[in-house]
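Below is one structure, written out as structure tokens; comments come after it.
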Amino acid sequence: MLFGVDLGGTTVKMGLFDADGNVTDKWEIPTRKENAGSLILPDIADSVKSKMAEKGLKKEDVLGVGIGVPGPVDASGVIHKAANLGWGVFSIRETMEGLLDGIPVAAGNDANVAALGEMWQGGGRGCRNLVAVTLGTGVGGGIIVEGQILTGSTGAGGEIGHIHIVDDEPETCGCGNHGCLEQYASATGVTRLAKRRLEKDDAPSALRGSSLSAKAVWDAVKEGDAVAIEVAKEFGHYLGKGLAAIACVVNPEVFVIGGGVSKAGEVLFDYICDEYKKYVFHGSREAKFVLATLGNDAGIFGAAKLILDEIK
């Protein structure tokens, strides 16, 4: 058996898996961020031990524990700061293995780990080269090359939301730069595009009488609202162009699109794919676009796969 852990800012999702990737139990514990996050890893270790006791598992029955965390993690399991958890630079692997009496531990960035989950048991199943794109409050990414997470030198590989896409953007991205992809392709980005479009003129639109959100935009697109369709085209232009740039570097078989915005469904691809093909190098032109299928469980699946790959 093995454990997959997805550490979030509010809750820690946890799963118990067999070696074939079947989840046999799932549960959550709160993320206690007080005292500079010093309680988080001990809480996770205690929860793993409690589940082992509940299931009658001995230490030798557990292959290992994988964990995805919201911050850059290098290939050796060292996190290079996670400001929203209060963490600095330290080895998650060594710390957790100490707390778990030597049970093997592997750690990775949460978006990268979720991408691994989608490759293993989700929308990218059967592929070994993929880019997972999470369209949520921001734009997250995970890149898998030949079945392995692309971490980069400090674990910051796959930060696709911060690809520079617009030169004259006046608003500042959360990262401190201007014109990042997530300022246009995230849920908040779609809302920003819609707000700017509505301010341009008085063209009639269902969006004027609604609470403006990404969901409202895509619902209006499905109803044939002309203004919403303009917004969708702009969204597709930026995201398609950004993904084309990524494809020129990593040449994926498939883009797996997840996150809250992806709940709009395959209508997204009507606006992304043509723009992607307009800008991409011909060698990556035939990459597929699919929706993620694991939802909020992608992180625990990916974490389980992370430790499974580590111990093989």
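Please treat every number below as a calculation from the coordinates, not as lab data. Computed from a prediction, not measured in an experiment: that's the story for all the values here. Here the Cβ positions follow ideal geometry from the backbone for every residue, glycine too, while neighbour counts run over all protein chains shown.
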Scope region 153-181; condition touching a His at 6+ places or on another chain (Cβ under 8 Å) and either under 16 Å from Pro70 (Cβ atoms) or polar (S, T, N, Q) (or both); matching residues: Thr154, Gly155, Ala156, Thr172, Cys175, Asn177
Given the structure, is Ile229 under 24 Å from the mean Cα position of the chain (by Cα) and either over 30 Å from Leu116 (Cβ atoms) or buried (at least 18 other Cβ atoms within 10 Å of the Cβ) (or both)? no
Give the residues of region 72-88 that are part of a loop (DSSP other than H, G, I, E, B) and among the charged types (D, E, K, R), sorted by residue number. Asp74
If you check Gly136 against the conditions, is it within 27 Å of Glu266 (Cβ to Cβ), crowded, with 21+ Cβ neighbours inside 10 Å and in contact with a Gly (Cβ under 6 Å, 6 or more places away or on another chain)? no
Being among the β-branched types (Val, Ile, Thr) and not in a helix (DSSP H, G or I), is that true of even one residue in region 34-42? no
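Residue-wise test of (1) within 20 Å of Ile257 (Cβ to Cβ); (2) touching a residue at least 60 places away in the same chain (Cβ under 8 Å); (3) among the small types (Gly, Ala, Ser).
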{"position": "Ser186", "(1), (2), (3)": "yes, yes, yes"}
{"position": "Val190", "(1), (2), (3)": "yes, yes, no"}
{"position": "Arg196", "(1), (2), (3)": "no, no, no"}
{"position": "Lys200", "(1), (2), (3)": "no, no, no"}
{"position": "Leu207", "(1), (2), (3)": "no, no, no"}
{"position": "Ser210", "(1), (2), (3)": "no, no, yes"}
{"position": "Lys222", "(1), (2), (3)": "yes, no, no"}
{"position": "Lys233", "(1), (2), (3)": "yes, no, no"}
